[in-house]
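Report on the structure given below.
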Amino acid sequence: MTLHSEKLSPPPATSGVRWWGNSFVRVILGRVGQLAVLLWGVSTLLFFLLRFAGDPALIMAGDNATSEFVDEIRVQYGLDRPLFVQYFFFLWHAAKLDFGYSLASGLPSLDLVLAQLPWTIKLSGLAIMLNLLVAIPLGAWLGQAPERRTRNAVSSLVFILQGTPGFVTGLLLIQFFAVKLGLFPSIGSEGTLSWVLPTLTLTAFLAPRLTRVLASNVAEAMQTDFVRTARAAGASESQVLVRHALPNALLGTAALAGSQLSYLLSGAIITETIFAWPGLGLLLIDSVRTLDFPVVQASVFVVACFVFFVNTSVEMLFRILDPRLKQRTK
Amino acid sequence: MTVELDSTIGRMIRRRGAYANSSTKFKVGSCIGALLVLLAAGNQLFGSAGEVDIASKRLPPLTDGHLLGTDHLGRDLLSRLLASMGWSFSIALLAAVISLTIGTTVGVLAASSTKIGRTILTRYIDLSISFPELILAVTIIAVIGRGFLPLTLTLGFVSWPHLARVVYAQTLGLWTREFVLAAKLSGVRPMRIILSHILPGLRNTLLVMFAFIFADLLVAESGLSFLGIGALLGDPSLGNMLADGRRFIFSSSLLMLLPCIAVILAVTSANLIGDGLSSRSKNATR
Amino acid sequence: MQVNAGQPKKRRTLIFRGLIAVMTTALFVSGTVAQAAPSPKAGAACSKAEAKVTVKSGKKALKLTCAKVKGHLIWVAAIPKVKKPVVAPAKLGGNFRVGVAALPTGKGNPFVGIGTPGIYTMAAIYDSLVTINEEGDLVPSLATKWNQTSDTSWTLTLRDGVTFSNGEKFDASSVVSTLSYLTQDPVGAKTIVAAEVNNISSVSGSGNTVTITTKTADSILPRKLTVVWMVAPKAWQTLGAAGYALTPIGTGPFTVTEWGATAISLQANKASWRSPKVDTMQVLQIPDPTARIQALQSGQIDLAVQVGPDETSEVDRKKFQVVYDSFPQVMSLAFITTKGDSPLLKKEVRLALNYAINRDSIVNNLLGGKGTAANQGSTKLVFGYNSNLSKYPYDPTKAKALLATAGFPTGFSISADVTVGSFPADADIYQAVARDLKRIGVTLLLRQIPFSEWLGLYSTNGWKGQAFGLSWNSNTLDARRAIGLFSCSGPGKFFCNEDMTPVLTEIDNASSESARKAALLKAAEINYNNPPALYIVGQVDINVLGSAVKGFKNVNRYFPYEKITVR
């Protein structure tokens, strides 16, 4: 769902970043403030949205429940109080990282989420690595001379792959490699083999996008003045590519990192559901389907923190690596 | 991808010959796209979504007057496919319109307002972008329910921040152009400048973004329907067809392959159109 | 070209070749690892014990096998010809893995849920005093005999020599404390299970004899006891309900070793009176039925519970056993007649709809021929099923005529709120019903809602449509509950037929089983001639097993796990 505007990162409104020495502290403080606002906003939105969706007491009680049992639950979970009291109660507890107990399993919801989070991180990490491993060489190769016939054909293939929804890839992989050939498990996370299909699915979802951006950046960099200079100075085409064009093109994808992560997590939801992978995405879909409010709240909270943390660190990293970014922010 | 779109940051690319390619892209994309849309619209006007007839379910192609056979409830597969394309395309189109409207408004406002307003709006856009849209969409749909209208609204609502960011960057650039500055100095009111100079200046960008948003939302719609949280029971949707068809991937492969191909073709053609347009508009600016 | 350009070019090529080599190796290795796995079971064992993959690069084919090193099962490069299976093939033992849609909602607490989804796990851990067999008859479990000694008292004789998994002896005191918790404890008396046994006033007993006194005459008390799992009194006292939920203790064939978020691991309880034949068991949560089938096909589970008939169409019948059982639950569209004007207020219309749908076609085409065409809310297994009632004929002409007499010659349009995904093929069945009704001019608009919304509408009678999806079922396989739902005094209050009210009183006051049955049959007949719902089909359960699994039986979703072998 992410759009293709990654490279366009406009000048962020943060101004006054002069030298990374002291501005770093300010930037980080500002970021923490933003995170707080984000968390508050998302939690509030979700709280009211979810309350309109259904009565948690009824959901907990099930269809065989007696009305006494439902009332009992209402009192037990404080659902008999006015909505706004519940809201402030919720905020107060959320601030203390207490999201209450899952309606379905009765376990602390944050614990549930934190138990699933590593699985999502591990899977995503593996997919990102494979993604880089595929996309960087492929993108560099395609971008070096995009008009050549074979590369043009490969480009078209990448283009079509980009248009293939992740779940379609996942389904086909399961049907052929797990069901038909029996090479890999179709679901779950037990053992090394079970990592193969989900990782491939997620990579097939990520790699075409990065490849195309990179190819186009490399192509662009190959036309720049300094590359021409290098060429004129006698560097070979491959030297130009590896030493000059590729590093520049890679830095050019810095702005891509942030939205790529949110894109990745969106992909992870579907991938995890297809493979019954015990990650955050599966938990979220399950809890949304059953309206398990506390778990939905806790998972969205954790996702927001996680995304924010990764994005901020990537941004900081690139600030150090690429002086041009600093200039842009002015 | 609109990598080359940015005029404020990126350099102009001086590549020769590559643009022959981009115009081909646009042509191929629009041909496929037009064909798909015509087929879907034609079916919507003159065809049907196929009638349930469980006694003749999963017929192979070319039986009993069913060109492509029937699906698992005995509906004509071709009609079903075309109806689903119509349904899914409509959602993606309408949602893209919503996204475009909100995104343009917020982006232009952000770039045209005072410093405080600008800071707040850009921060808001940045925050929204960093949050995974599908997660938001899934949660909202759980609350407001499934079906055509909820799906359209949700998808439109979650996808605009990206567009807003692009529009913001473009508008900032436009405000520094001579003709805008001239208008500003001669005392034309900002609202007028936006309407008469800024929006026309954004036209190409918006067209390109529209194509890309459409592609993304089509994938999102089929994904959500596939997960069983998008379309309703019996709604013709490409995602629904995929979810139903996956059970018969070996015994009646067409049930899954056809919607699969339809999604890939539609998304690719939209991406081609967007790519072609973006290169073309860059040629024009040069 | 230039002399100095040669080297960097080589370096670059090297880098790219290296990358490609790494990728191909990765793919290659994963492929070989898969091939080397001797069987899915050994693979699972290996992955369980912190699988390690030892890889040596090189062009030669890598063979990886599962081997035991320092007590750990790991993948090692195998020397050809030396093929030692990890575990010597024994006659019994092994691991039995079950894939279910959902784990018990209250974890191991046996009193907060009845039936699906909990029963698939509970049946491995707990026992009830009495159970119902596949004929619908009561059979002994922890109680071997039961007698009604007066209108309001029952005496039960308990099985000898049964112990709980923690060593506690099962005797009268266990029954007394379990039932007292459900009838007297402030929390326990509000649980879902307690609602079934709230007629009990006191329980006493010693040794192997228990006497249960009821508030009013209760001819079906043993039937009600089938939903009460027995817990160990001392452990329940010390652990409390919350602690017990995590470490459940029962008399059943398995004990829980680990209760995860998506999987439960169990171990054989060899001391159980139902001592199992396998060593370990796992219950895995796999919500999507297609995913359950795929997991079975790829060797990750041995039993895929409750899948749809369509999902089994791809299953190779030579490798897997597809087991169909009818399930005592009738799928229906309940008619709402208490909320303003609706065509369904007319009895003729309600009958017409029942004549308009082709149930046999639904059974044959959508349920693999295994469901039953429904003509009442009960199925054969349910106490109170009326076998004298004939099928509703599929007769669109008659239906149209009835509609015309009711004043709707051209039909009408109604909407129904339904949930899907709860029964095999339910989404398909609803669409087929809508199609059939269309043929007599009735447009049925299906509004698909999530179960949570359904619950809200049901409990407040807040329906906006004229009908809604409701299944007729009973935890105790007794027809009274469902009939009650469709009565003037029912909790949903969506349907009211005054003719039923005296019959319900007759059922409730019946002092003997036969009198009660007669009244239930009368109720079924009233609901046949003046239907409160569009009866659709009696449902089926479809379970798919790996070919090695023997001894599986589905007794109304209670699986006697102790009989199962996997080798």
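The values are calculated or read from the model by the stated rules, or taken from the named source; none is laboratory data. Because the structure is predicted, anything quoted here is derived from the model rather than measured. Backbone-built Cβ (ideal geometry, glycine too); neighbour counts: all protein chains shown.
Observations
- Verdict on A:Asn217 being touching a helix residue (DSSP H, G or I) at 6+ places or on another chain (Cβ under 6 Å) and surrounded by fewer than 20 Cβ atoms within 10 Å (Cβ to Cβ): no
- Sole exception among (1) crowded, with 24+ Cβ neighbours inside 10 Å; (2) at pLDDT below 95; (3) in contact with an Asp or Glu (Cβ under 8 Å, 6 or more places away or on another chain) for C:Phe383, by number: (1)
- When residues in segment C:178-203 are screened for being in contact (Cβ under 8 Å) with a residue 24 or more places away in the chain and either aliphatic (A, V, I, L, M) or touching a His at 6+ places or on another chain (Cβ under 6 Å) (or both), 8 of them pass.
- Of the helices (runs of 4 or more DSSP H) lying entirely inside segment C:162-265, those containing at least 1 residues that are β-branched (Val, Ile, Thr) and within 30 Å of C:Gly384 (Cα to Cα) are C:172-184, C:192-196.
- Residue check for C:Pro110: assigned to a loop (DSSP other than H, G, I, E, B) and modelled with pLDDT of 90 or more: yes
- Filtered residues of segment C:313-336 (kept if under 14 Å from C:Gly371 (Cβ atoms) and more than 16 Å from the chain's Cα centre (by Cα)): C:Ser332
- Residues (more than 8 Å from every other protein chain (Cβ to nearest Cβ) and either among the charged types (D, E, K, R) or surrounded by 23 or more Cβ atoms within 10 Å (Cβ to Cβ) (or both)) located in segment A:163-175: A:Gly170
- For the residues B:Ile249, B:Ile213, the requirement of being among the β-branched types (Val, Ile, Thr) and surrounded by fewer than 24 Cβ atoms within 10 Å (Cβ to Cβ) singles out B:Ile249.
- Cβ-Cβ under 7 Å pairs, at least 6 apart or on other chains, segment C:277-298 side facing another protein chain (nearest Cβ under 9 Å), far side of a type in the set (D, E, K, R) and assigned to a strand (DSSP E or B): C:Leu284/C:Arg97
- Any hit, segment A:211-223, residues being part of a helix (DSSP H, G or I), closer than 25 Å to B:Phe226 by Cβ and either among the hydrophobic types (A, V, I, L, M, F, W, C) or facing another protein chain (nearest Cβ under 8 Å) (or both): yes
- Among the candidates B:Ala96, B:Ala164, B:Ala110, B:Ala142, residue that is modelled with pLDDT of 90 or more and touching a Lys or Arg at 6+ places or on another chain (Cβ under 9 Å): B:Ala110
- Residue in segment A:142-162 that is within 11 Å of another protein chain (Cβ to nearest Cβ), buried (at least 19 other Cβ atoms within 10 Å of the Cβ), under 23 Å from the mean Cα position of the chain (by Cα) and not hydrophobic (A, V, I, L, M, F, W, C) present: yes
- Flag for C:Lys398 being away from every other protein chain (no Cβ under 14 Å) and surrounded by fewer than 17 Cβ atoms within 10 Å (Cβ to Cβ): yes
- Every residue from segment B:23-36 that is crowded, with 17+ Cβ neighbours inside 10 Å, within 18 Å of B:Leu82 (Cβ to Cβ) and among the hydrophobic types (A, V, I, L, M, F, W, C): B:Ile32, B:Leu36
- Filtering B:Ala92, B:Ala41, B:Ala49, B:Ala83 for residues that are among the aliphatic types (A, V, I, L, M), more than 30 Å from C:Asn364 (Cβ to Cβ) and buried (at least 17 other Cβ atoms within 10 Å of the Cβ) leaves a single hit, B:Ala92.
- Members of segment A:176-195 found to be at the interface with chain C (Cβ under 7 Å from one of its Cβ atoms), over 17 Å from C:Thr312 (Cα atoms), within 25 Å of the chain's Cα centre (by Cα) and not in a helix (DSSP H, G or I), listed by number: A:Pro185, A:Ile187, A:Gly188, A:Glu190, A:Gly191
- Of all residues in segment A:94-136, those satisfying the criterion of being touching a helix residue (DSSP H, G or I) at 6+ places or on another chain (Cβ under 7 Å), of a type in the set (A, V, I, L, M, F, W, C), within 9 Å of chain C (Cβ to nearest Cβ) and more than 26 Å from A:Val70 (Cβ to Cβ) are A:Leu130, A:Leu133, A:Val134, A:Ile136.
Residue-wise test of (1) over 29 Å from C:Gln300 (Cβ atoms); (2) free of Cβ contacts under 8 Å to residues at least 24 places away in the same chain; (3) in contact with a helix residue (DSSP H, G or I) (Cβ under 9 Å, 6 or more places away or on another chain); (4) away from chain B (no Cβ under 11 Å).
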site	(1), (2), (3), (4)
A:Ser262	yes, no, yes, no
A:Gly267	no, no, yes, no
A:Phe275	no, no, yes, yes
A:Pro278	no, no, yes, yes
A:Leu283	no, no, yes, yes
A:Pro294	yes, no, yes, yes
A:Phe301	yes, no, yes, yes
A:Val310	yes, no, yes, no
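- Taking the conditions (1) free of Cβ contacts under 8 Å to residues at least 40 places away in the same chain; (2) closer than 28 Å to C:Ile507 by Cα; (3) crowded, with 20+ Cβ neighbours inside 10 Å in turn, C:Ala374 satisfies each one other than (1).
- Highlighted here are the helices (runs of 4 or more DSSP H) found entirely within segment B:136-207 that include at least 3 residues which are within 12 Å of chain A (Cβ to nearest Cβ), touching a residue at least 40 places away in the same chain (Cβ under 8 Å) and hydrophobic (A, V, I, L, M, F, W, C): B:148-175.
- Odd one out for A:Gln223 among (1) surrounded by 20 or more Cβ atoms within 10 Å (Cβ to Cβ); (2) free of Cβ contacts under 8 Å to residues at least 24 places away in the same chain: (1)
- Members of segment C:433-454 found to be modelled with pLDDT under 95 and within 17 Å of C:Gln539 (Cβ to Cβ), listed by number: C:Phe451
- Restricted to segment B:225-245, and to residues there that are assigned to a helix (DSSP H, G or I) and buried (at least 24 other Cβ atoms within 10 Å of the Cβ), the residue that is nearest to the other protein chains (Cβ to nearest Cβ) is B:Phe226.
- Positions within segment B:53-71 being within 26 Å of C:Ile362 (Cβ to Cβ) and surrounded by fewer than 20 Cβ atoms within 10 Å (Cβ to Cβ), in sequence order: B:Asp53, B:Ala55, B:Ser56, B:Arg58, B:Leu59, B:Pro60, B:Pro61, B:Thr63, B:Asp64, B:Gly65, B:Leu68
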